[in-house]
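Engineer: Got a structure here, written out as structure tokens. Questions coming.
Where a number appears in this text, it was derived from the coordinates with a stated rule and is not lab data. Please read these numbers as outputs of a predicted model, since none were measured by experiment. Heads up, the Cβs are rebuilt from the backbone with ideal geometry, glycines too, and the neighbour counts pull from every protein chain shown.
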4 protein chains.
Amino acid sequence: MSKYQTLKEQSYEANMEIPARGLALYTWGNVSAFDKNSGVFAIKPSGVPYPELKPEDIVVVDLEGKIVEGKLNPSSDTNTHMVLYREFGVKQGADIGGIIHTHSTVACAWAQALKPIPLFGTTHADHIQVSVPCTPYLSKEAVERDYELETGNLIVRHFLENKINPDEVTMVLVGGHGPFAWGKTAEKAVYNGAVLEEVAKMAMYTLQIKSDASPLADYIVNKHYMRKHGPNAYYGQKK
Amino acid sequence: MSKYQTLKEQSYEANMEIPARGLALYTWGNVSAFDKNSGVFAIKPSGVPYPELKPEDIVVVDLEGKIVEGKLNPSSDTNTHMVLYREFGVKQGADIGGIIHTHSTVACAWAQALKPIPLFGTTHADHIQVSVPCTPYLSKEAVERDYELETGNLIVRHFLENKINPDEVTMVLVGGHGPFAWGKTAEKAVYNGAVLEEVAKMAMYTLQIKSDASPLADYIVNKHYMRKHGPNAYYGQKK
Amino acid sequence: MSKYQTLKEQSYEANMEIPARGLALYTWGNVSAFDKNSGVFAIKPSGVPYPELKPEDIVVVDLEGKIVEGKLNPSSDTNTHMVLYREFGVKQGADIGGIIHTHSTVACAWAQALKPIPLFGTTHADHIQVSVPCTPYLSKEAVERDYELETGNLIVRHFLENKINPDEVTMVLVGGHGPFAWGKTAEKAVYNGAVLEEVAKMAMYTLQIKSDASPLADYIVNKHYMRKHGPNAYYGQKK
Amino acid sequence: MSKYQTLKEQSYEANMEIPARGLALYTWGNVSAFDKNSGVFAIKPSGVPYPELKPEDIVVVDLEGKIVEGKLNPSSDTNTHMVLYREFGVKQGADIGGIIHTHSTVACAWAQALKPIPLFGTTHADHIQVSVPCTPYLSKEAVERDYELETGNLIVRHFLENKINPDEVTMVLVGGHGPFAWGKTAEKAVYNGAVLEEVAKMAMYTLQIKSDASPLADYIVNKHYMRKHGPNAYYGQKK
């Protein structure tokens, strides 16, 4: 049995949530599960339809992008995942155990509009305390150099330049492309990907109802975030 | 067997309608069932996913917010429910046996836009005779004092100041947050929560089709409400 | 066994299509099946949830509105159905064997906006050759006199005044209220109700994409309608 | 056993994907599978509901429009399919093994607005490198001459006049009508039909979020298309 069996199963289960939650058509999404200790992540193979996917198809890749285990090609977005684990997870010490990329419909529409998703309400504030960031387009040079790797760099640079903490802001739109999200586990990454799509819908509808809607008051943002994520969080059950 | 067995089962059944009717993702909703005689209500435990929820997980709480039965933490919104039962149900004598809170998508969008939902048609008038009220943001002081309890007070105050009768208007949007609804039973509360989401959609689409659409004529509003709720109501079967 | 067994089963089957096709929440819709020879129609009982509905619950009513068979109250909209069968079916000789009324979301939005649904494309033209008509509000006097019966009269009058043939235009929006549709059978009425909702969506989206979209060219309208409904129709299989 | 058994089964399987993927209500869509060697295609019979469709109902037609096998009338759109196979597949040598026509909701809305779908993001660029083309209305003369055949001619002429390569652009909107898409197989044609509907939704939402959204930068378009379709494509598994 593979020493990465658990990691591969976590990745498999999380990938199967993509079609279950309607986050992508066909094969347009992928989730990886990261084990910081062994420095590898387990990711969906490229182009395999979810109904045919099996846990043993999951590909294990190290932080140099080398395949450690698996017979199939890993997701074409593998290098983006790799950069995020390397930069956010290892270098910056963020608690990232999983990453999701999808083409969920309304999150993509915001990314295509090159607009961050404004923080209009508590559904959003329950998860992050600022607008969902949206990067500019990747530059021509970066696209030609190494597209997927540079997409990771673009996200990392955007967070650094805008002083965004990846432990607190667990989702991003890549301009012209679509959403990435992450979390402490692959399962939590999928959760954040679903949150992002729902928040994207609510914000779009909010603007349709009131085109000059105001961002939520700061003190409500903070309260909602803190009751779920602060040192005295009281949402959910004690662990 | 618990003396609150029936109340807990009513609460459980009503909570399970939230995912069945698509009124919230993950754990973002809760229903309580109230027994006015014993002065307690049975509410969903905090953060428990619906597929894992069992009737015995439901928490019984009294009108001071103390847990009467149950091992789990009750919903973080428990104090909002408590205030509504205490003020609307006991003090004002309204016939409230259940309350629902969700983050249903389009109702949240109206709440995020801080706009009441205009009464445009008979689908709305079949249930309430006025716009769905929307409170302003809760004040900074109130948020810091006791967020969930003050959310309940905000709703009660908004109804008093605007002379809204909670027996007639069984739903409200909390500004920047989302919908609460109630009814004679927990089951009816869920029904009113679903009505609110549907009416929210219809009103948004109405404005997209005609941005200056007019509210429904008063005499049609009254007719539709009265045929379902008036002293000579003739909708449905005799009980 | 009831002499109306077949008619009741047709009505039952057609009513069960309402939830199956998402045309109404809860009990907000009804279908009737009409037998012109015996001058009766079989309609859903009022307020009975679809999952509990049984063929024997269907109520048989004559063209004076008297219950011929059945223990339950018929739909509160029974008199609207009755007027349409009487006026369109018997007096004008239209071929109407079934009527549906729902609160389908986008059709209601058009009705709430008091706007006919423009004929923008062939999906619409495959079924009717003009905009989906929308009546004005029912007058105060008519509402007070006999709401449901006068709703039927309003539709009939709107068709007469605008020279609309109910054999050709099998659907209508009642202003501020919602859609009614009919057909040669109850099954066909449901089909037309589903067509109306789909056409309502497409037209709303068309205006969102191009706010001054033009109606479809007449010669394409005629071609599409005629290939399905004209004397030389060639859509479908020979019967 | 029919010598066209495989072709008919491919057509059947592909047709059954139309309701499974929500691409059309009732019978409003059809797929054909083409065998270039024998010069015939297998197409859905006209007006047969998907739940009743069986592989043996599929009709085999040659490139003159003559029925080679099958007892039912072929789709009323058969001549449009025929022209596309004849012109794109045989004369121009494009690699077309299947065609789909549906009335998917948002693609129809763009067709009704007579607007090509702008290329706003990578979801679109993963499949085609330009806007989804939209033909003008078919002329009155052409409609009267031979509607379905001339619809095919309209598409072919629009591609020629605008120098669009049907091997690269595998989808089109017929103005005022709706979408057609094709692919190397019938299965791939359905895939492209589903892509078109999803891209249509994303583009509509993009314009709702930002009414003057810019088309995606050319160098990103090319990168995304090429990583899936170029000579060095690296998406998916090696075959």
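Engineer: Antiparallel DSSP bridges in chain B: what percent, to the nearest 5?
Structural biologist: On the way: 25 of 26 bridges.
DSSP beta bridges in chain B are roughly 95 percent antiparallel.
Engineer: Report the net charge of residues surrounding C:TYR147, where surrounding means a beta-carbon distance below 10 angstrom and charges are Lys +1, Arg +1, Asp -1, Glu -1. Could the numbers behind the result be given before it?
Structural biologist: Numbers: positive: B:LYS223, B:ARG227, C:ARG145; negative: C:ASP77, C:GLU144, C:ASP146, C:GLU148, C:GLU150.
Local charge sum for C:TYR147: -2.
Engineer: Distances from C:ASP95 to the same position in the other copies: list them in nm, one decimal, shortest first, using label points 7 Å from Cα along Cα→Cβ.
Structural biologist: Label point to label point, same position, other copies: 5.0, 5.0, 7.0 nm.
Engineer: GNM on chain A, C-alpha springs below 10 Å: top fluctuator among A:TYR205, A:TYR219, A:TYR26?
Structural biologist: Ranking A:TYR205, A:TYR219, A:TYR26 by mean-square fluctuation puts A:TYR219 first.
Engineer: Tell me, what HN-Hα J-couplings in whole Hz come from the Karplus equation 6.51 cos²θ - 1.76 cosθ + 1.60 at θ = phi - 60° for each residue of the stretch B:160-170, using x for Gly and Pro?
Structural biologist: 5, 4, 9, 6, 9, 8, x, 6, 9, 10, 9
Engineer: Which is farthest toward the positive dipole end of the stretch D:80-239 among D:HIS158, D:VAL106, D:THR170, measuring Cα position about the Cα centre, with Cβ charges +1 (Lys, Arg) and -1 (Asp, Glu)?
Structural biologist: D:THR170
Engineer: Measuring from a point 7 Å out along Cα→Cβ, what nm distances, shortest first, does C:MET1 have to its partners in the other copies?
Structural biologist: The answer, with the shortest distance listed first, is 4.3, 4.3, 6.1 nm.
Engineer: Another one. Select from A:LEU72, A:PRO55, A:TYR85 the residue farthest towards the positive end of the dipole of the stretch A:49-95; place +1 on Cβ of Lys and Arg, -1 on Cβ of Asp and Glu, and compute about the Cα centre.
Structural biologist: Checked the options; the winner is A:TYR85.
Engineer: Of all the residues in chain C, which one has the C-beta that comes nearest the axis relating C to A, and what is the distance in Å?
Structural biologist: In residue-and-Å form, the answer is C:GLN208, 5.
Engineer: What size of dipole, in debye to the nearest 20, comes out for the stretch C:120-239 about its Cα centre when the only charges are +1 on Lys and Arg C-beta atoms and -1 on Asp and Glu C-beta atoms?
Structural biologist: Working: 13 positive and 14 negative charges, 124 e Å.
Dipole of the stretch C:120-239, to the nearest 20 debye: 600 debye.
Engineer: Oh, and also: For the stretch D:1-50, calculate the relative contact order in percent as a whole number, restricting contacts to Cα pairs under 8 Å that are 6 or more residues apart. Please report the intermediate quantities before stating the final value.
Structural biologist: Working: 51 pairs, mean separation 19.4, N = 50.
That works out to 39 percent.
Engineer: Measuring from centroid to centroid over Cα atoms, what is the spacing of the stretch A:27-63 and the stretch B:1-33 in Å?
Structural biologist: If we compute the Cα centre of each part, the gap is 36 Å.
Engineer: With a 10 Å Cβ neighbour count serving as the proxy for reagent exposure, in which order, fewest first, do D:LYS3, A:LYS188, A:LYS238, C:LYS36 appear?
Structural biologist: Numbers: D:LYS3 11, A:LYS188 19, A:LYS238 6, C:LYS36 15.
So the residues, fewest neighbours to most, are A:LYS238, D:LYS3, C:LYS36, A:LYS188.
Engineer: Continuing with this model, one more query. Relative to the Cα centre, what is the charge dipole magnitude of chain C, using +1 at the beta carbon of each Lys and Arg, -1 at the beta carbon of each Asp and Glu, and rounding to the nearest 20 debye? Walk me through the numbers on the way to the answer.
Structural biologist: On the way: 24 positive and 27 negative charges, 121 e Å.
Here chain C has a charge dipole of around 580 debye.
Engineer: Compute the long axis of helix C:218-229 from its Cα atoms, compare it with the longest principal axis of the Cα atoms of chain C, and write down the angle in degrees, 0 to 90, nearest 10.
Structural biologist: Once rounded, one gets 40 degrees.
Engineer: Round to the nearest 10 and give me the degree value, 0 to 90, for the angle of helix D:5-20's Cα axis relative to the longest principal axis of chain D.
Structural biologist: 50 degrees
Engineer: What does the average come to when, for each residue of peptide A:110-119, you count the partner chain Cβ atoms lying within 10 Å of its Cβ? Present the calculation step by step, with values, prior to reporting the outcome.
Structural biologist: Working: counts 4, 7, 18, 12, 8, 4, 0, 1, 1, 2.
Across the residues of A:110-119, the mean count of other-chain Cβ atoms within 10 Å is 6.
Engineer: Dipole size in debye (nearest 20) for the stretch A:38-82 around its Cα centre, Lys and Arg Cβ +1, Asp and Glu Cβ -1? Each step should come with its number before you reach the end.
Structural biologist: Values: 4 positive and 7 negative charges, 9 e Å.
Taking the Cα centre of the stretch A:38-82 as origin, the dipole is about 40 debye.
Engineer: Mean-square fluctuation check for chain C, GNM, Cα pairs under 10 Å: which of C:ILE209, C:ILE155, C:ILE128 is largest?
Structural biologist: Highest fluctuation among the options: C:ILE209.
Engineer: Highest GNM mean-square fluctuation, chain C, Cα pairs closer than 10 Å: which of C:SER131, C:SER139, C:SER11?
Structural biologist: Largest GNM mean-square fluctuation: C:SER139.
Engineer: Hey, another quick one. If you average the C-alpha positions of the stretch C:166-239 and of the stretch D:166-222 separately, how far apart do those two centres end up, in angstrom?
Structural biologist: 26 Å
Engineer: Something else now. Kindly provide the helix-only [θ] at 222 nm of the protein assembly as shown, computed as the sum of -39,500 (n - 2.57) over DSSP H runs of four or more divided by all residues, to the nearest 500 deg cm²/dmol? Provide the component values of the computation, followed by the final result.
Structural biologist: Working: 28 runs with 372 residues, N = 956.
When only DSSP H runs of four or more count, the value is -12500 deg cm²/dmol.
Engineer: Distance check, please: which entries in A:LYS44/D:LYS223; C:LYS66/C:LYS188; A:LYS3/A:LYS66; A:LYS223/D:LYS210 exceed 23 angstrom between their Cα atoms?
Structural biologist: On the way: A:LYS44/D:LYS223 21 Å; C:LYS66/C:LYS188 25 Å; A:LYS3/A:LYS66 17 Å; A:LYS223/D:LYS210 31 Å.
Among A:LYS44/D:LYS223; C:LYS66/C:LYS188; A:LYS3/A:LYS66; A:LYS223/D:LYS210, the Cα-Cα distance tops 23 Å for C:LYS66/C:LYS188; A:LYS223/D:LYS210.
Engineer: Give the residue from B:SER38, B:VAL130, B:GLN5 lying farthest towards the positive end of the charge dipole for the stretch B:1-136; charges sit on Cβ (+1 for Lys and Arg, -1 for Asp and Glu) and the dipole is referred to the Cα centre.
Structural biologist: It is B:VAL130.
Engineer: Report, largest value first, the span of the C-alpha coordinates of the protein assembly as shown along each principal axis, in whole Å.
Structural biologist: Between the extreme Cα coordinates on each principal axis of the protein assembly as shown lie 75, 75, 49 Å.
Engineer: For B:LYS8, which aspartates and glutamates qualify as cross-link partners when the Cα separation must be under 14 Å and same-chain residues fewer than eight apart are set aside?
Structural biologist: B:ASP35, B:GLU56, B:ASP57, B:ASP62, B:GLU69, B:GLU187
Engineer: When DSSP beta bridges are limited to those with both residues in the protein assembly as shown, what percentage is antiparallel, rounded to the nearest 5? Don't jump to the answer; show the numbers that get you there.
Structural biologist: Working: 100 of 104 bridges.
Roughly 95 percent of the beta bridges in the protein assembly as shown run antiparallel, per DSSP.
Engineer: Distances in nm, one decimal, shortest first, from B:LYS184 to the same residue in every other copy, taking the label point 7 angstrom along Cα→Cβ.
Structural biologist: In ascending order, 4.6, 4.6, 6.5 nm.
Engineer: When a/c reaches 1.5 or more, the comparison of a/b and b/c decides; with that in mind, is the stretch D:58-135 rounded, prolate or oblate per its Cα gyration tensor?
Structural biologist: Details: a/c = 2.69, a/b = 1.77, b/c = 1.52.
Note, shape of the stretch D:58-135 comes out prolate.
Engineer: Viscosity 0.692 mPa s, temperature 37 °C: what is the translational diffusion coefficient of the stretch A:1-109 from Stokes-Einstein with a Kirkwood Rh over Cα pairs, rounded to a whole number of µm²/s? Before the final figure, lay out each step's value.
Structural biologist: Details: Rh = 13.7 Å.
My calculation gives 239 µm²/s for D.
Engineer: As I understand it, the value is the acute angle between the Cα axis of helix B:186-209 and the longest principal axis of the Cα atoms of chain B; what does it come to in degrees, rounded to 10?
Structural biologist: 30 degrees
Engineer: Expressed as a rounded percentage, what relative contact order does the stretch D:86-207 have, with Cα pairs under 8 Å and six or more residues apart?
Structural biologist: Details: 200 pairs, mean separation 49.8, N = 122.
It comes to 41 percent, rounded to a whole number.
Engineer: Shielding of A:20-27 by partners, i.e. mean partner chain Cβ atoms within 10 Å per residue? Walk me through the numbers before you get to the answer.
Structural biologist: Numbers: counts 0, 2, 0, 0, 2, 7, 5, 2.
Counting Cβ atoms of other protein chains within 10 Å of each residue's Cβ and averaging gives 2.
Engineer: Then there's this: By per-residue mean of other Cβ atoms within 10 Å, what is the highest-first order of D:43-50, B:42-49, B:64-71? Don't skip to the end; give the middle numbers.
Structural biologist: Working: D:43-50: 19.8, B:42-49: 21.8, B:64-71: 13.9.
Going by the mean number of other Cβ atoms within 10 Å, highest first, we get B:42-49, D:43-50, B:64-71.
Engineer: While we're looking at this one, here's another question. Can you give the log10 of the normalised intensity I(q)/I(0) at q = 0.11, 0.15, 0.16 Å⁻¹, computed with Debye over equal Cα scatterers of chain C?
Structural biologist: For the requested q values the scattering log ratios are -0.54, -1.01, -1.14.
Engineer: Using only alpha carbon pairs under 8 Å that are at least six residues apart, calculate the relative contact order of chain A and give it in whole percent. Intermediate results must be reported in sequence, preceding the final value.
Structural biologist: Numbers: 456 pairs, mean separation 51.3, N = 239.
Relative CO of chain A lands at 21 percent.
Engineer: Distance from the Cα centre of the stretch A:116-135 to that of the stretch D:99-123, in angstrom?
Structural biologist: 30 Å
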